[in-house]
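Please read the structure below before turning to the comments.
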Amino acid sequence: MKFALVFLISLLSFHCEVFSQKTEFKVMAWNILRSGNQIENGVDIVSDIIKEINPDVVLMVETYGSGPYIAKKNGYNFHLVAKEGTALDDKSVNLSIYSKFPFGERIDTEYPFFLGGIEILIDNKKVRFFSNWFHYQPWNNKPEEMGKTVEELLEWEKTEHRYNMIQMVLPYFKRYANESDSIPIIVGGDMNSPSHLDWSKKTKKIHNDLVVPWYSTKVFENLGFTDSYRHENPNPLKHPGITWDHKERDDSHRIDYIFFKGKKLKSTSSKTYMQFFNENININDKQFKYPSDHGIVVTNFKF
């Protein structure tokens, strides 16, 4: 009887330990700039940087044909965000997704050039991943110096292409956000817009006393998404997280993001990597010529 009781307690302890384990995984979002081919051996450098950061999932922008090579070199499953049957090395395709985990069902949209996704099975837990890109217009290097009020800046933001693109894909975000309690969703890519979280009361002194609820990111917050980088690094003055910058002009912004939603999902840490195009970047004490004009966002998650 005593042996049976000890065995039962041991068995229950084992099951509790198994079910209390947290599944952790790392997600990377990166616009690699025109397939990575803008510098010598650029595609190999893109591959090597990804290998060094070692994400479990990569949400890529400006793939343009280099995806299969990068995936094969690093041992990832590869999904091209394009009409089913499109050649995987098609040089006209913008978005792609890489995963160490197996893929589930495709999530196709009517606008694959700027939004598409796929289910990924992470330790038998289904997560919906989307890669996205929104147009850079309208753009101004220093919006706070345009001489506009907050209301005028928000109206200006709706001109050109970005706002219209968001309206096109907004139904997809709403649909999958509403289902995120059962199937979490992660969206990553190049929004080409500053964040309302970086133009808050905390930062108004560096933005000409303007507090601007930029629509392009506020719309995600309104749907219940969390900006993983700013959630883990809440002070934009100490941790600006810049992913867009140029040496020859004052044009420094955080415009690349990883958003998520799902009650079963939490971010645990997030960081950005940034260097000027074709200059040396140090990652894990290794030097690389930086092949892109966009920085990298990396977020760790757990269930």
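Read-outs: derived from the displayed coordinates by stated rules, not from any lab. All values derive from a computational prediction rather than experimental measurement. Glycine gets a Cβ as well: all are built from the backbone with ideal geometry, and neighbour counts include every protein chain shown.
For the stretch 177-303, report the % of Cα-Cα distances exceeding 25 Å.
So the pairs more than 25 Å apart make up 29 percent of the total in the stretch 177-303.
Taking 7 Å along the Cα-to-C-beta vector as the label spot, tell me the Glu110-Glu179 distance in nanometres, rounded to one decimal.
About 1.8 nm, to one decimal.
Cα axis of helix 2-20 to longest principal axis of the chain: angle in degrees, 0 to 90, nearest 10?
Between the helix axis and the principal axis of the chain, the angle is about 10 degrees.
Residue by residue through the stretch 41-57, what is 3J(HN,Hα) from phi via Karplus (6.51 cos²θ - 1.76 cosθ + 1.60, θ = phi - 60°)? Round to whole Hz and write x for glycine and proline.
Values per residue, Gly and Pro as x: 6, x, 5, 5, 5, 3, 4, 5, 5, 4, 4, 5, 6, 6, x, 7, 9 Hz.
In degrees from 0 to 90, rounded to the nearest 10, what is the angle of the helix 162-178 Cα long axis to the longest principal axis of the chain?
So the helix axis and the longest Cα principal axis differ by about 20 degrees.
Could you tell me the largest-minus-smallest coordinate of the C-alpha atoms of the stretch 127-243 on each of the three principal axes, in descending order and whole angstroms?
That works out to 44, 32, 22 Å along the principal axes.
Between the stretch 202-262 and the stretch 116-181, what is the C-alpha centre distance in whole Å?
13 Å
Could you sort 170-182, 120-132, 56-68 so that the peptide with the highest average Cβ count within 10 Å comes first and the rest follow in order?
By packing density, highest mean first, the sequence is 56-68, 120-132, 170-182.
Which trypsin sites (Lys or Arg not before Pro) from the stretch 230-298 combine a DSSP loop assignment with at most 14 other Cβ atoms within 10 Å?
Lys238, Lys247, Lys263, Lys264
Taking every DSSP beta bridge that has both residues in the stretch 23-302, what percent is antiparallel when rounded to the nearest 5?
80 percent
How many percent of all Cα-Cα pairs in the stretch 23-302 sit more than 28 Å apart?
Result: 32 percent of Cα pairs exceed 28 Å.
Highest GNM mean-square fluctuation, the chain, Cα pairs closer than 10 Å: which of Asn41, Asn54, Asn284?
Maximum among the listed residues: Asn284.
Out of residues 5 or more away from Ser195 or on other chains, whose amide H comes under 5 Å of its own, with H placed 1.01 Å from N in the peptide plane?
Arg254
Taking a label point 7 Å from the Cα of Ser200 along the Cα→Cβ vector, which residues of the stretch 232-269 have an amide N closer than 11 Å to it?
Label zone hits: 232-237.
Net charge near Lys126: determine it from the other residues with C-beta under 10 Å of the C-beta of Lys126, scoring Lys and Arg +1 and Asp and Glu -1.
Once all neighbours under 10 Å are counted, the net charge is 0.
If r is the Cβ-Cβ distance from Lys286 to Ile242 and R0 is 30 Å, what FRET efficiency results, to the nearest 0.05?
So, using R0 = 30 Å, E works out to roughly 0.90.
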